[in-house]
Amino acid sequence: MSDAKAAVSAAAAASEPATMERTKVLVVDDDERNLQAISVVLEEIAEIVCARSGEEALRFLLKDEFAVILLDVFMPGLDGYETAGFIRQREQSKRTPIIFLTAINKEDAHMLRGYDAGAVDYVFKPFDPVMLQSKVAVFVDLFEKTREIKHQAEIEQRLMEENLRAKSERLLAEQALRRSEERQEAILRSVPICFHSRDIDPPFGARFVSEAVERLTGFPPERLTEEPEFGLSRVHPDDLPRLTRALNGARETGSYTCEFRWRCADGSYRNFLDQGVLSTDEDGKPTEILGTLLDITERRQLEDQLMHSQRLDAIGKLTGGVAHDFNNLLAAILSGLGLLERRVPATEETTQIVQMIRHAAKQGTELINRMLAFSRRQRLKPDTVHLTHLGETMNGLVAPVLGGLVRLDWQVDESVWPAYVDTGQLELALLNLIFNARDAMPSGGTITVRGSNRTVEYDLEDLPAGDYAVLTVEDTGMGISPDLLAKVIEPFFTTKDVGKGTGLGLSTVYGFAKQSGGTLRIESVVDSGTAMHIWLPRSLQEPASPPITPKAEDKQWPRTGKESPVILLVDDSINLRELTAHVLRDNGFSVVSAGGGAEALSLLEREPQKFDLILTDFAMPLVSGLDVIRFARSLRADWPAIIISGYADAHAVADRPGDVMLLSKPFTDAALIESIQTALMKPAAAARASS
């Protein structure tokens with residue numbers, strides 16, 4: 001034991017000078033003089049790293065580890081509290097001690113805010129050098145001792161592992177030697193690999209083939225060894241020239257690799273990877289080719305599925321981003337039209353032009369909604385839906401457009417489980433599928449809608465385990481060829497003639513089903529028909545009661561002694577922000593605008609009593625709309641707030657407080673004012689209820 005301890009000490013002593021670097025302290029202050037003064041005071045204790053802003057400090061924390069962080073409270077950009085919040089959110093820095101530097105704000109409230117942000121102490125300017133040095137020295141000493149203990153533990157662990165490894169290597173070698181033959185035999189039986197040797201000249205007849213070939217192909221080894229031309233005769237015609245070239249090239253290169261399709265005993269083609277080397281005799285003369293045959297069919301299928309999934313995901317992200325930008329543009333157009341109608345004298349011609357522009361903008365909104373459906377960013381309102389009750393609605397919707405040649409047969413009864421889904425979006429999805437089925441039967445036929453219950457025992461690639469209600473829309477039309485099945489759910493892909501389809505129907509159904517927690521599966525046979533299966537998660541709850549419409553008198557906002565409510569409008573889009581501000585002022589509100597989340601936080605902190613409501617965009621750089629609302633609610637718990645968004649990630653929006661309303665872009669002036677009145681009404685209603 002003493003020898004082991006001595007070895008540990010020696011190893012530690014030998015490695016410490018090389019591995020232990022000087023401890024670092026991060027000082028964050030926008031005043032160069034403070035940085036210089038602190039560096040002089042602390043340079044004997046540790047290496048001082050200076051940052052002149054919160055952003056620069058966060059960049060340093062990505063690269064280095066610090067014993068303690070001295071952080072100025074008030075700085076431009078990110079202040080000390082915000083910087084501390086980001087530091088505590090990061091895994092690598094969340095335990096680093098923070099000492100706040102401040103010249104003011106010695107009140108308990110501000111100090112408690114600092115401690116809530118993660119500070120361990122405060123140092124007030126002008127600071128006492130001895131006190132500052134002693135406080136920092138404590139954390140530096142603790143950091144160095146912790147690092148030293150960790151270093152010693154690593155050395156001891158390494159030595160113990162080496163000792164155990166030395167003792168076990170001999171035993172493992174003996175066991176491996178005894179089991180090698182059994183293991184090799186088991187591997188050969190289990191893996192999808194066949195070993196073979198073949199002639200070096202065409203037709204490269206097989207001399208030896210392992211027994212695994214029968215499991216891979218359905219043919220016994222004797223079939224290949226007794227018929228020299230049998231192996232090449234089963235290769236897919238498109239792959240045969242490539243395989244022949246590879247085998248011929250083995251004479252020159254000494255090896256070959258080739259992937260090809262081979263027709264098995266059941267008539268199906270499977271993908272094989274054939275690899276081999278040239279074997280020579282003692283004189284260096286080529287004698288035969290030795291190789292392995294690996295079945296890679298499943299791997300190729302998974303790769304194809306992965307590529308398809310990645311392509312759809314990339315298209316979905318692109319679609320969602322484009323939709324977000326277009327929603328901002330459409331919102332600005334619609335708001336601008338409303339302002340023009342109110343401020344410019346209207347003639348019959350100008351009214352007609354404005355209506356045409358508004359109609360075009362609304363058509364653009366519908367297109368964006370379809371794009372959002374595919375990218376799974378539309379806002380759903382799921383509830384318990386009894387699918388059998390949709391029959392009457394769907395018959396009423398589609399009967400006028402199916403024509404006399406096509407009939408709808410609704411076969412969904414009470415035995416089908418209720419689904420948890422957005423009813424309106426489900427109806428739109430069914431309409432898309434029914435219209436596609438109608439178009440696939442130009443000579444007429446019957447569209448059958450069936451319902452069934454399915455249970456998935458294990459998580460699948462496109463479905464988690466659980467119970468599902470499945471709606472199937474079947475037709476007896478032209479069908480879809482296998483090479484197009486994987487493409488029909490991509491946006492803007494259509495098999496219809498130019499001008500007869502947007503290519504968004506199936507893509508929106510697929511996006512809606514995936515966002516609802518299910519999927520869309522397609523079965524089709526050319527000239528026989530197609531079946532579209534919408535899988536929807538089963539609901540175990542009863543339908544929710546209809547919402548209670550607020551009374552007219554509740555629509556008035558509470559009076560606060562001001563002439564009109566003051567709204568803090570936060571949006572990084574200048575055009576949309578200005579247009580929205582005009583609409584609000586025209587409707588009697590006072591508006592203060594902020595060009596981003598950081599500016600809004602500054603306004604809220606300086607004048608928290610000024611604003612009656614916060615109206616903020618969701619997606620903004622650095623500080624999002626949710627961050628603004630969370631900060632405001634930390635100052636006043638019932639602060640009325642509304643989030644507006646062109647598209648918002650469903651999980652992020654779900655994290656918003658329950659009383660924060662969500663307004664989708666593009667919105668009408670009436671919807672905007674209605675939302676504001678409702679939001680302003682809630683605190684007053686709550687106060688009346690509590691009294």
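For region 444-482: of the residues being of a type outside the set (Val, Ile, Thr), farther than 17 Å from Lys514 by Cβ and open to solvent by 40 Å² or more (accessible area, probe 1.4 Å), which is farthest from the chain's Cα centre (by Cα)?
Filtering first and then ranking leaves Met478.
Pairs, please: C-beta under 7 Å, at least 6 apart or cross-chain, first residue more than 12 Å from Arg407 (Cα to Cα) and in region 437-449, second open to solvent by less than 60 Å² (accessible area, probe 1.4 Å) and part of a loop (DSSP other than H, G, I, E, B)?
Short answer, once both residue conditions are applied: Ala440/Gly477.
For region 200-212, which positions are outside any helix (DSSP H, G or I) and either on the phi > 0 side of the Ramachandran plot or open to solvent by less than 50 Å² (accessible area, probe 1.4 Å) (or both)?
Ile200, Pro203, Phe204, Gly205, Ala206, Val209, Ser210 - these are the residues of region 200-212 that are outside any helix (DSSP H, G or I) and either on the phi > 0 side of the Ramachandran plot or open to solvent by less than 50 Å² (accessible area, probe 1.4 Å) (or both).
So, in region 572-623, of the ones that are without any contact (Cβ under 8 Å) to a residue 24 or more places away in the chain and over 26 Å from Leu78 (Cβ atoms), which residue ends up surrounded by the fewest Cβ atoms within 10 Å (Cβ to Cβ)?
It comes out as Arg585.
So that you can scan it fast, the table gives a plain yes or no per residue for (1) part of a helix (DSSP H, G or I); (2) surrounded by 13 or more Cβ atoms within 10 Å (Cβ to Cβ):
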| site | (1), (2) |
| --- | --- |
| Leu390 | yes, yes |
| Ala399 | yes, no |
| Ser415 | no, no |
| Ala429 | yes, yes |
| Ala437 | yes, yes |
| Pro442 | no, no |
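Tell me, please, whether a residue that is of a type outside the set (S, T, N, Q), open to solvent by 10 Å² or more (accessible area, probe 1.4 Å), modelled with pLDDT of 75 or more and under 16 Å from Arg577 (Cα atoms) can be found in region 672-680.
The answer is yes, given that some residue of region 672-680 is of a type outside the set (S, T, N, Q), open to solvent by 10 Å² or more (accessible area, probe 1.4 Å), modelled with pLDDT of 75 or more and under 16 Å from Arg577 (Cα atoms).
Considering only residues that are out of contact with any helix residue (DSSP H, G or I) (no Cβ under 9 Å at 6 or more places or on another chain) and in a loop (DSSP other than H, G, I, E, B), look in region 213-244 and name the one that is least open to solvent (accessible area, probe 1.4 Å).
Asp239
Going by the structure shown, is Gln89 over 43 Å from the mean Cα position of the chain (by Cα), open to solvent by 30 Å² or more (accessible area, probe 1.4 Å) and either modelled with pLDDT of 90 or more or of a type in the set (S, T, N, Q) (or both)?
When the stated conditions are applied, Gln89 does not pass them.
Note down all Cβ pairs under 9 Å where the first residue falls in region 129-142 and is surrounded by 13 or more Cβ atoms within 10 Å (Cβ to Cβ), the second is of a type in the set (Asp, Glu), and they're at least six residues apart or on different chains.
Gln133/Glu44; Lys135/Asp121
Kindly check whether there is at least one residue in region 559-571 that is among the β-branched types (Val, Ile, Thr), touching a helix residue (DSSP H, G or I) at 6+ places or on another chain (Cβ under 6 Å), in a helix (DSSP H, G or I) and at pLDDT 65 or above.
Looking through region 559-571, none of the residues is among the β-branched types (Val, Ile, Thr), touching a helix residue (DSSP H, G or I) at 6+ places or on another chain (Cβ under 6 Å), in a helix (DSSP H, G or I) and at pLDDT 65 or above.
The values are calculated or read from the model by the stated rules, or taken from the named source; none is laboratory data. Predicted model, so just to flag it, every value in this text is computed and none were measured. No Cβ is skipped: glycine too gets one built from the backbone with ideal geometry, and neighbour counts run over all protein chains shown. Each accessible area value is taken on the protein alone, full model and side chains, heavy atoms only, with ligands, DNA and RNA left out. Shrake-Rupley method; radii C 1.70, N 1.55, O 1.52, S 1.80 Å.
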